[in-house]
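Report on the structure given below.
The values are calculated or read from the model by the stated rules, or taken from the named source; none is laboratory data. Note that the structure is predicted; figures quoted are calculated from it, not measured. All Cβ positions, glycine included, derive from the backbone under ideal geometry; neighbour counts span all protein chains shown.
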Amino acid sequence: MGGELRSDGHAKLPSVRSAEHLGKFIHETYVQPARLRGDKAITIRVDQVWEALNYAYTSDLIRGVLGSMKFRNTYRLPLVSTNDRDGHPTTFTFKLESLSSSRE
């Protein structure tokens with residue numbers, strides 16, 4: 001069963017599923033390891049995520065997920081700052097709260 005392709009040759013995915021999958025990927029790939037190391041904050045680069053996913057998602061979708069309240073609330077990531085270039089965020093820095101300390 002082959003999926004539909006966009007004009008650029010990438011597979012079409014429903015945007016909600018795409019955003020949820022992307023958020024889960026970012027959490028598992030970047031956030032969880034940083035929390036396990038005991039890091040207090042993490043800076044995630046949009047282009048790094050884009051490259052890690054073999055350019056399957058647009059950088060605008062990655063920015064949208066990283067900047068969304070749903071992503072921040074789901075994974076308990078207070079946004080500390082963004083670094084913008086030409087009006088678009090290139091990095092997102094989040095405070096990493098300890099999961100165990102908030103489960104009192």
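Restricting Leu53, Leu77 to residues that are surrounded by 14 or more Cβ atoms within 10 Å (Cβ to Cβ), on the phi < 0 side of the Ramachandran plot and modelled with pLDDT of 95 or more narrows the list to Leu77.
Which of the numbered conditions does Val65 fail, given that it passes all the others? Conditions: (1) touching a residue at least 24 places away in the same chain (Cβ under 8 Å); (2) over 14 Å from Ala19 (Cα atoms). Every condition holds for Val65 apart from (2). The residues of the stretch 33-44 that are in contact (Cβ under 8 Å) with a residue 24 or more places away in the chain and over 9 Å from the mean Cα position of the chain (by Cα), listed by number, are Ala34, Arg35, Asp39, Lys40, Ala41, Ile42, Thr43.
Considering each of Glu97, Glu4 in turn, give the residue that is touching a strand residue (DSSP E or B) at 6+ places or on another chain (Cβ under 9 Å), modelled with pLDDT under 95 and exposed (fewer than 15 other Cβ atoms within 10 Å of the Cβ). Don't jump to the end; show me each part of the working.
On the way: Glu97 fails: touching a strand residue (DSSP E or B) at 6+ places or on another chain (Cβ under 9 Å).
The conditions single out Glu4.
Cβ separations smaller than 7 Å between residues 6+ apart or across chains give the following pairs from the stretch 80-97 residues that are touching a residue at least 60 places away in the same chain (Cβ under 8 Å) and closer than 17 Å to Ala34 by Cα to residues that are of a type outside the set (D, E, K, R) and outside any strand (DSSP E or B): Phe94/Leu77; Phe94/Pro78; Leu96/Ala34. Working only within the stretch 42-88, note down all residues that are among the basic types (Lys, Arg), closer than 17 Å to Thr29 by Cβ and in a strand (DSSP E or B). If the condition is that a residue be among the basic types (Lys, Arg), closer than 17 Å to Thr29 by Cβ and in a strand (DSSP E or B), then Arg45 is the only one that fits.
Residues in the stretch 34-43 that are β-branched (Val, Ile, Thr) and within 15 Å of Arg76 (Cβ to Cβ): Ile42 alone.
In the stretch 8-50, of all residues being among the hydrophobic types (A, V, I, L, M, F, W, C) and over 17 Å from Phe92 (Cα atoms), the one that is modelled with the lowest pLDDT corresponds to Leu13.
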